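Colleague: Sharing a structure, written as structure tokens. Questions coming.
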Amino acid sequence: MNGYSQLLRYIKQIAHPLVNTITQGDFDKVDTAKHNIFPLLHVAIGNASFPSEGVVRFSIQVGCFDIRDSNRQVSDDKYYDNDNEIDNLNATLAILNRIWLLMLKDFEELNISASDSPSLDICTEYEQNLLDGWIMTFEVETPNDIINLCQ
């Protein structure tokens, strides 16, 4: 199993139908393309380790973001403010929740084990387009059955 590329392909494949753009790589480059259509899903596979013979552990971050839409009309409502931040956070959290549940269901068939529960970090007014969303962080262990030292 080529775990790194297989994980990237798998996460792209199960992305929510409401996601319009899927990117991968460093989180510093989440919003650098001029023609991103939101909501955007970004995948970053970070560090890897070999916890035992035949196993590769990957740290994965999956972020989902939508663009902040501010209303210039004056509002006295200090709770909801003049933007769609709450809607963005709700929708992007639901997208990541669906992706996590699909992964948990599929990982057993794929012989992948995942950390018990991912952590989710909130992001508001993130990057140059003022994105709102969440970054989900978790670890997976994949079999490494490509290398056979007996051959």
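The values are calculated or read from the model by the stated rules, or taken from the named source; none is laboratory data. Please read these numbers as outputs of a predicted model, since none were measured by experiment. Backbone-built Cβ (ideal geometry, glycine too); neighbour counts: all protein chains shown. SASA here: full protein model, heavy atoms, side chains in, ligands and nucleic acids out. Shrake-Rupley method; radii C 1.70, N 1.55, O 1.52, S 1.80 Å.
Colleague: With assigned to a loop (DSSP other than H, G, I, E, B) and either of a type in the set (S, T, N, Q) or closer than 23 Å to H16 by Cβ (or both) as the only criterion, which of D116, D66, D77 stands out?
Modeller: Going through D116, D66, D77 in turn, the sole match is D116.
Colleague: Restricting the search to the range 9-48, which residues are out of contact with any strand residue (DSSP E or B) (no Cβ under 6 Å at 6 or more places or on another chain), of a type in the set (A, V, I, L, M), closer than 17 Å to L93 by Cα and open to solvent by 20 Å² or more (accessible area, probe 1.4 Å)?
Modeller: Once the filter is applied, which keeps residues that are out of contact with any strand residue (DSSP E or B) (no Cβ under 6 Å at 6 or more places or on another chain), of a type in the set (A, V, I, L, M), closer than 17 Å to L93 by Cα and open to solvent by 20 Å² or more (accessible area, probe 1.4 Å), the range 9-48 yields only L18.
Colleague: Can you tell me which residue is nearest to F138 (Cα to Cα) among those in the range 57-83 that are open to solvent by 20 Å² or more (accessible area, probe 1.4 Å) and aliphatic (A, V, I, L, M)?
Modeller: This residue is I67.
Colleague: Oh, and also: So, in the range 27-61, how many residues would count as being under 20 Å from D132 (Cβ atoms) and acidic (D, E)?
Modeller: 2
Colleague: Still on this structure, please answer the following. Among the residues in the range 59-70, are any closer than 16 Å to S115 by Cβ, aromatic (F, W, Y) and at pLDDT 95 or above?
Modeller: So far as the range 59-70 goes, no, none of its residues is closer than 16 Å to S115 by Cβ, aromatic (F, W, Y) and at pLDDT 95 or above.
Each row is one residue, and each column tells you yes or no for (1) farther than 30 Å from S70 by Cβ; (2) modelled with pLDDT of 95 or more; (3) of a type outside the set (S, T, N, Q).
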{"position": "L104", "(1), (2), (3)": "yes, no, yes"}
{"position": "I112", "(1), (2), (3)": "yes, no, yes"}
{"position": "D121", "(1), (2), (3)": "no, yes, yes"}
{"position": "T124", "(1), (2), (3)": "no, no, no"}
{"position": "E127", "(1), (2), (3)": "no, no, yes"}
{"position": "L131", "(1), (2), (3)": "no, no, yes"}
{"position": "W134", "(1), (2), (3)": "no, yes, yes"}
{"position": "E139", "(1), (2), (3)": "yes, yes, yes"}
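Colleague: Given the conditions (1) farther than 30 Å from N144 by Cα; (2) touching a Pro at 6+ places or on another chain (Cβ under 7 Å); (3) touching a residue at least 24 places away in the same chain (Cβ under 8 Å), and given that N20 satisfies all but one, which numbered condition is not satisfied?
Modeller: (3)
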